[in-house]
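Asker: Would you mind keeping the following structure in view while I ask a few things?
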Amino acid sequence: MPRVVVDVMPKPEILDPQGKAVLGALPRLGFTGVTEVRQGKRFELEIPEVTDEALAQIDKLAETFLANTVIENYVVRVEEPAEEMAK
Amino acid sequence: MKIGVITFPGTLDDVDAQRAVRVGGNEAVALWHGDHDLQGVDAVILPGGFSYGDYLRCGAISRFAPIMTEVIEGAQKGLPVLGICNGFQMLVESHLLPGGLLRNDHLKFICRDQKLRIENASTAWTSAFRKDQEIVVPLKNGEGQYVADDETVKRLEGEGRIVARYVDVNPNGSINDIAGITNEAGNVVGLMPHPEHAVERLTGSGTDGLGFFTSLAEKAFA
């Protein structure tokens with residue numbers, strides 16, 4: 001079944017306390033060289049068929065529900081089968 | 001006056017809010033999230049808690065509860081609505097108030113008696129206070145960091161829409177120490193601290209929170 005992925009990230013200008021906490025933990029764990037961490041959410045939506053209408057509907061639901069566009073940005077993309085197989 | 005208090009799945013402070021309404025001399029009406037009926041109340045309180053387990057974002061799922069259709073419609077026509085803590089989160093998710101509420105900057109849940117300054121004493125919910133009156137009420141939140149873009153903050157400040165500001169300590173990193181805001185009309189107020197827990201001497205930090213529950217009547221009979 002085709003899968004549509006919605007990635008939701010805090011807007012660049014919005015502080016991301018969780019990402020900052022993860023970044024802060026890295027040196028303690030011996031990981032160096034990471035200068036920035038931002039934490040977001042990934043939603044995987046399965047739909048029977050990829051159509052313009054279905055994608056428009058998912059865009060609408062991402063904008064109104066999955067993301068709060070006051071503080072977050074989102075990207076909707078169809079996951080390619082090859083990408084799925086590479087997992 | 002009849003003040004409705006809405007219970008959502010995961011709401012905690014509905015009973016305290018109902019009690020505060022009664023202590024304030026009003027009639028409390030229990031409202032249910034799944035109904036499409038405000039039962040003719042004169043005002044609505046969205047109480048604190050963890051509706052829907054704070055899943056997705058705090059208040060994001062409750063914002064689409066059936067009764068919110070009537071709340072949003074009413075608020076746009078002037079119905080007084082007070083959102084406390086999780087209720088404040090629902091109000092920003094509903095876009096009845098601008099900005100958003102993020103995880104506290106220090107990432108810890110915080111619970112303390114918090115000093116506030118009431119900077120706007122002319123909203124439907126704060127008219128019982130004097131402007132710049134300082135009060136102490138409990139504060140308890142994990143996601144209470146108020147954020148908004150520069151332009152929005154400038155507008156809120158310029159239009160006197162900061163209802164309450166944290167004094168001495170900023171407990172969660174909120175921009176400009178903002179603890180509560182109102183909409184342009186002054187009927188919708190969102191507040192992160194909990195005045196409903198400070199209405200009787202026996203419990204809580206005192207009775208400083210009572211003004212939020214007596215303001216409506218004072219305004220009506222003024």
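Asker: Quick check on A:Ala25: is it within 12 Å of chain B (Cβ to nearest Cβ) and either over 25 Å from B:Val153 (Cβ atoms) or within 16 Å of the chain's Cα centre (by Cα) (or both)? So that I can check it myself, show each step before the final result.
Answerer: Numbers: within 12 Å of chain B (Cβ to nearest Cβ): yes; either over 25 Å from B:Val153 (Cβ atoms) or within 16 Å of the chain's Cα centre (by Cα) (or both): yes.
So A:Ala25 passes the test.
Asker: A follow-up question, please. Would you mention how many residues in the stretch B:88-122 are open to solvent by 20 Å² or more (accessible area, probe 1.4 Å), of a type in the set (Asp, Glu) and within 12 Å of chain A (Cβ to nearest Cβ)?
Answerer: Residues in the stretch B:88-122 being open to solvent by 20 Å² or more (accessible area, probe 1.4 Å), of a type in the set (Asp, Glu) and within 12 Å of chain A (Cβ to nearest Cβ): 1 in total.
Asker: Please pick out the residue among A:Val8, A:Val37 that is in contact with a Gly (Cβ under 6 Å, 6 or more places away or on another chain), of a type in the set (Val, Ile, Thr), in a loop (DSSP other than H, G, I, E, B) and open to solvent by less than 50 Å² (accessible area, probe 1.4 Å).
Answerer: On the way: A:Val8 fails: in a loop (DSSP other than H, G, I, E, B).
Within the list A:Val8, A:Val37, the selection yields A:Val37.
Asker: Which of the numbered conditions does A:Gly30 fail, given that it passes all the others? Conditions: (1) at negative phi; (2) more than 13 Å from chain B (Cβ to nearest Cβ).
Answerer: Checking A:Gly30 against (1) at negative phi; (2) more than 13 Å from chain B (Cβ to nearest Cβ), the one that fails is (1).
Asker: Test each condition in (1) under 27 Å from A:Gln18 (Cβ atoms); (2) more than 14 Å from chain A (Cβ to nearest Cβ); (3) surrounded by fewer than 21 Cβ atoms within 10 Å (Cβ to Cβ); (4) not β-branched (Val, Ile, Thr) for B:Cys85 and report the one that comes out false.
Answerer: (3)
A quick yes/no check of all residues on (1) modelled with pLDDT of 95 or more; (2) in a loop (DSSP other than H, G, I, E, B); (3) within 16 Å of B:Gln89 (Cα to Cα):
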{"position": "B:Arg22", "(1), (2), (3)": "yes, no, no"}
{"position": "B:Val29", "(1), (2), (3)": "yes, no, no"}
{"position": "B:Asp35", "(1), (2), (3)": "yes, yes, no"}
{"position": "B:Leu38", "(1), (2), (3)": "yes, yes, no"}
{"position": "B:Val41", "(1), (2), (3)": "yes, yes, no"}
{"position": "B:Arg57", "(1), (2), (3)": "yes, yes, yes"}
{"position": "B:Ala60", "(1), (2), (3)": "yes, yes, yes"}
{"position": "B:Glu70", "(1), (2), (3)": "yes, no, no"}
{"position": "B:Glu73", "(1), (2), (3)": "yes, no, no"}
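Asker: If you scan the stretch B:156-175, which residues turn out to be open to solvent by 20 Å² or more (accessible area, probe 1.4 Å) and either among the acidic types (Asp, Glu) or away from chain A (no Cβ under 14 Å) (or both)? Spell out the reasoning first.
Answerer: Of the stretch B:156-175, the ones open to solvent by 20 Å² or more (accessible area, probe 1.4 Å) are B:157-160, B:165, B:168-170, B:173, B:175.
Scanning the stretch B:156-175 gives B:Glu157, B:Gly158, B:Glu159, B:Gly160, B:Arg165, B:Asp168, B:Val169.
The values are calculated or read from the model by the stated rules, or taken from the named source; none is laboratory data. If you're wondering where the values come from, they're calculated on a predicted model, not measured in any experiment. Virtual Cβ from ideal backbone geometry, glycine too; neighbours counted across all protein chains shown. These accessible areas exclude ligands, DNA and RNA; they are computed on the full protein's heavy atoms, side chains included. Shrake-Rupley method; radii C 1.70, N 1.55, O 1.52, S 1.80 Å.
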